Amino acid sequence: MTKSTKEIRKVSIVGTGAYLPEKVLTNHDLEKMVDTSDEWITKRTGIKERRIVDNGLATSDLATQAALRAIEDAGVSPKDVDLIITSTITPDTLFPSTSCYVQEKIGATGAGAFDVLAACAGFVYALSIGQCYVSSGAADTALIIGAECLSKITDYTDRTSCILFGDGAGAAVIQKSKGRHEILATYLGADGSQAGILTLPAGGSKMPTSYQTIDERMHFIKFRGKEVFKLAINTLTDLINDTIEKCGLTVDDVDLFIPHQSNFRIIEATMEKLGVPMEKAYFNIDRYGNTSSASVPIAIDEVSKSGRLKAGDIVLLAAFGGGLTWSSSVIRW
Ligand code: UT7
């Protein structure tokens, strides 16, 4: 249960975890399903393969595995967790929240639990909310999760979209700062006027599920790829420039950029516009595709376990997604 507020505290990531389903869907597998080729997918997206969850599993199953790994990494007990925030566009059910299922599965009895919906920008949205709770003293140990089963809302007859998405989960435990991995800033933004360019049309109150919505395949992700592509590059570039300016930094002060993994060419073009060499950008899209909310926390966990960063390094997270939404965070390692 969350407490009443006490004081303003600095907040750190004290543990991370990730979980990727074992089943791999390669570009060659997709060649057998739709009219595409490994060469086209690799050249246009940078993706070689993605992970796909088994039929009987849901987002909370992936989230639970990532959460347990983050909790172990943080050296805390599930009972210490007093707040769970999951970012997802593929909740187990519209309600209850996926966070409630995770709470029960990890045994975080009594912890506050709710979900955040900000698509691919959602993990940093959730991190920002968790940061406010911990910084104010309203929570001591918050579990922040980004988890998706995008394969369940992907149309495997549509070659323009089915090549992009994968399943996975990442998690971070945040607490009052002990000096390392401190969250220096988080920024959020949105532009609802562009909601229609990237959306899941059916299943909500606007277009409840019906035989017609199913016949028209409206229960799958729909997007206008070229428009999203251009907006993603421009928005990410502006977002990163704004973030470093607000933090009193320069692009050169950033040791590692962790962008949302939507398309390798989006990451490449953004870095080029910023004048940053690609060696400073983290990417794993070749292995996992676009996992929406999960992409940033999976990358943070991989970076954290790789030993690539040293104490004091500056890491910038930047994400962009449906809504439109965008979010960034600066972390001192
Ligand atoms: O994170 C947010 C979610 N992500 C997005 O919304 C995706 C953002 N957009 C993109 O990543 C890219 O726009 C795509 C990867 C979706 C598409 O790449 P593109 O370079 O913009 O290709 P395009 O849509 O302009 O298509 C070029 C050609 C077309 O053929 P014609 O008209 O030139 O004959 C497409 O029909 O490639 C064709 N095409 C394909 N060919 C082989 C489209 N998809 C495929 C495919 N395999 N899978």
TODO: Read through the list (1) buried (at least 19 other Cβ atoms within 10 Å of the Cβ); (2) within 18 Å of the chain's Cα centre (by Cα); (3) closer than 25 Å to ASP92 by Cα, then give the number of the only condition that ILE258 fails.
DONE: (3)
TODO: Output yes when any residue across the range 8-20 is touching a residue at least 12 places away in the same chain (Cβ under 8 Å), over 21 Å from PHE283 (Cα atoms), out of contact with any strand residue (DSSP E or B) (no Cβ under 9 Å at 6 or more places or on another chain) and surrounded by fewer than 18 Cβ atoms within 10 Å (Cβ to Cβ), and no when none is.
DONE: yes
Open item on the list: Within the range 271-299, take every residue that is β-branched (Val, Ile, Thr) and part of a helix (DSSP H, G or I) and give me the one that is surrounded by the fewest Cβ atoms within 10 Å (Cβ to Cβ).
Closed with: ILE285
Task: Qualifying strands (runs of 3 or more DSSP E) (wholly inside the range 27-140; at least 2 residues being away from the ligand (no atom under 16 Å from the Cβ) and touching a residue at least 60 places away in the same chain (Cβ under 8 Å)) - done: 83-87
Task: Number of the exception - ALA185 against (1) among the hydrophobic types (A, V, I, L, M, F, W, C); (2) in contact with a Cys (Cβ under 9 Å, 6 or more places away or on another chain); (3) modelled with pLDDT of 95 or more - done: (3)
Open item on the list: Give me the helices (runs of 4 or more DSSP H) completely within the range 148-260, filtered to those with at least 3 residues that are away from the ligand (no atom under 12 Å from the Cβ) and farther than 27 Å from LEU316 by Cβ, ordered by residue number.
Closed with: 211-215
Open item on the list: Cβ-Cβ under 7 Å, sequence separation 6+ or interchain: first residue in the range 208-226 and over 14 Å from LEU164 (Cβ atoms), partner assigned to a loop (DSSP other than H, G, I, E, B) and hydrophobic (A, V, I, L, M, F, W, C). Which pairs?
Closed with: THR209/ALA202; THR213/ALA202; THR213/MET207; MET218/ALA202; MET218/MET207; HIS219/ALA202
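Only one of these is over 21 Å from the mean Cα position of the chain (by Cα) and either closer than 29 Å to ALA190 by Cα or not assigned by TED's automatic domain parsing to the domain that holds GLY137 (or both): ASP92, ASP115, ASP82. Name it.
Result: ASP82 is the single residue among ASP92, ASP115, ASP82 that is over 21 Å from the mean Cα position of the chain (by Cα) and either closer than 29 Å to ALA190 by Cα or not assigned by TED's automatic domain parsing to the domain that holds GLY137 (or both).
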TODO: Given the conditions (1) modelled with pLDDT of 95 or more; (2) more than 26 Å from LYS23 (Cα to Cα), report the number of the one that GLY110 does not fulfil.
DONE: (1)
Task: Hey, ILE163 farther than 26 Å from ARG69 by Cβ and either surrounded by 17 or more Cβ atoms within 10 Å (Cβ to Cβ) or not charged (D, E, K, R) (or both) or not - done: yes
Task: Selection count, the range 284-303, where residues are out of contact with any Cys (no Cβ under 9 Å at 6 or more places or on another chain) and over 22 Å from THR160 (Cβ atoms) - done: 8
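The values are calculated or read from the model by the stated rules, or taken from the named source; none is laboratory data. All of these numbers come straight from a predicted model, not from anything done at the bench. Cβ: placed from backbone, ideal geometry, glycine included. Neighbour counts: every protein chain shown.
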